[in-house]
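Notes to accompany the following structure.
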Amino acid sequence: MDERTLDETARTLLSNDRGLLAMDESTPTCDRRFAALGIAQTVEMRRAYRDLIVTTPGLAESIGGAILYDETIRQQTLAGVPFATALQQAGIVPGIKVDAGSKALSGFPGEEVTEGLDGLRERLAAYAGMGARFAKWRAVIRIGDGTPTAGGLFANAHALARYAALCQEAGLVPIVEPEVLMDGGHDLQRCREVTEETLHVVFAQLHAQRVRLEGMLLKPNMVLPGKDSADQSDTVSIAAATVGTLLRCVPAAVPGVAFLSGGQTAALASERLNAMNATFRSRLPWALTFSFARAIQDPAMKAWRGNAANVPAAQQALAHRAACNRAARRGRYDVARDAPMAD
Ligand code: 13P
């Protein structure tokens, strides 16, 4: 493990108050989002859409790293440049999703475990050869009646830690993503308890598997009420519950925490991240930033709708959301105007 390179990559991803852009939707997920907007679900449309993203002017001002999907890292932009190279040339570090998705966990009804460890060492070496410098693995934790269980949490945390150790061996910074889903009618307190338990188990496993904390990033959920809960909680409570949970669980050696958006609207995700940084900055030992997919991309995909004539409008929408989220990382997002505050 080259510790210096790992730590440096992690720092670059977070540099200049930037965050990450997740553009690593699997083909079925990307196609589902295209279908909802009447966009043709073809390899060429997925390529055109990802081209639009990586060629957005000024994107690197707000985005330090972008997470690609296997299909995309093997493709070239419309100008004939490999996607990873195009990102590098734009000043954005290329990353890659390496998990193989989640499947039902045998013996644990209602719980899932993420697959993809078999052959991972070889796949990581191949992705590093294609230019990737960091990777992502998502574990799915579902809040239900009696779930998650200790066995379910352990299985997911162990896989995350095995993945992270292999990444560091390969010189790639692991993004460790245990996502407690928003699905369900639970309240904020229940999400807080489950997120706290999840993160404790994850960091115990990262320690057990000798993962270097300085050379990784955590990608957690915000602590939120379930989307079917009658009490949707205010921004101040959500910010306090999320920061309080992270402070209890995430060692200070971790350089950055980059949230997933999980189905929040774009504006709410920015507002909540902003509240955390504006209110608690002096207490935070790590950078608190974003690694959103939907909350950055949704307005852009809607503006594009598969029509080349809409590319400039879509790129403007993407750059705007990225800039709003960078402002939120700095506690400088103006909620009323949905725009960065003037410095
Ligand atoms: P969302 O921000 O849409 O939740 O996606 C983030 C991500 O990378 C999910 O794995």
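Looking only at residues in the range 11-63 that are within 15 Å of the ligand (Cβ to nearest atom) and over 18 Å from residue 295 (Cα atoms), which one is surrounded by the most Cβ atoms within 10 Å (Cβ to Cβ)?
Out of the qualifying residues, it is 13.
Would the range 197-219 turn up any residue that is within 16 Å of the ligand (Cβ to nearest atom) and over 25 Å from residue 96 (Cβ atoms)?
Scanning the range 197-219, I find no residue that is within 16 Å of the ligand (Cβ to nearest atom) and over 25 Å from residue 96 (Cβ atoms), so the answer is no.
So which of 258, 253, 336, 322 is touching a Leu at 6+ places or on another chain (Cβ under 7 Å), assigned to a loop (DSSP other than H, G, I, E, B) and either small (Gly, Ala, Ser) or at pLDDT below 95 (or both)?
That would be 253, the only listed residue that is touching a Leu at 6+ places or on another chain (Cβ under 7 Å), assigned to a loop (DSSP other than H, G, I, E, B) and either small (Gly, Ala, Ser) or at pLDDT below 95 (or both).
Considering only residues that are among the polar types (S, T, N, Q), surrounded by 19 or more Cβ atoms within 10 Å (Cβ to Cβ) and within 13 Å of the ligand (Cβ to nearest atom), which ones fall in the range 247-279?
Correct list: 261, 264, 270.
Could you please find all residues in the range 291-305 being near the ligand (Cβ under 6 Å from one of its atoms), in contact with a helix residue (DSSP H, G or I) (Cβ under 7 Å, 6 or more places away or on another chain) and not in a strand (DSSP E or B)?
295
Looking at the structure I just gave you, is residue 208 farther than 20 Å from residue 270 by Cα, surrounded by fewer than 17 Cβ atoms within 10 Å (Cβ to Cβ) and at pLDDT below 95?
no
So residue 134 ticks every box in (1) under 21 Å from residue 217 (Cβ atoms); (2) surrounded by fewer than 20 Cβ atoms within 10 Å (Cβ to Cβ); (3) of a type in the set (Phe, Trp, Tyr) but one. Which box is left unticked?
Every listed condition holds for residue 134 apart from (2).
Condition check ((1) touching a residue at least 24 places away in the same chain (Cβ under 8 Å); (2) farther than 30 Å from residue 40 by Cβ) across all residues:
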position: 297; (1), (2): yes, no
position: 300; (1), (2): yes, no
position: 307; (1), (2): no, no
position: 314; (1), (2): yes, no
position: 321; (1), (2): yes, no
position: 325; (1), (2): yes, no
position: 334; (1), (2): no, yes
position: 337; (1), (2): no, yes
position: 341; (1), (2): no, yes
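The values are calculated or read from the model by the stated rules, or taken from the named source; none is laboratory data. Bear in mind the structure is a predicted one, so any value in this text is a computation, not a measurement. Cβ: placed from backbone, ideal geometry, glycine included. Neighbour counts: every protein chain shown.
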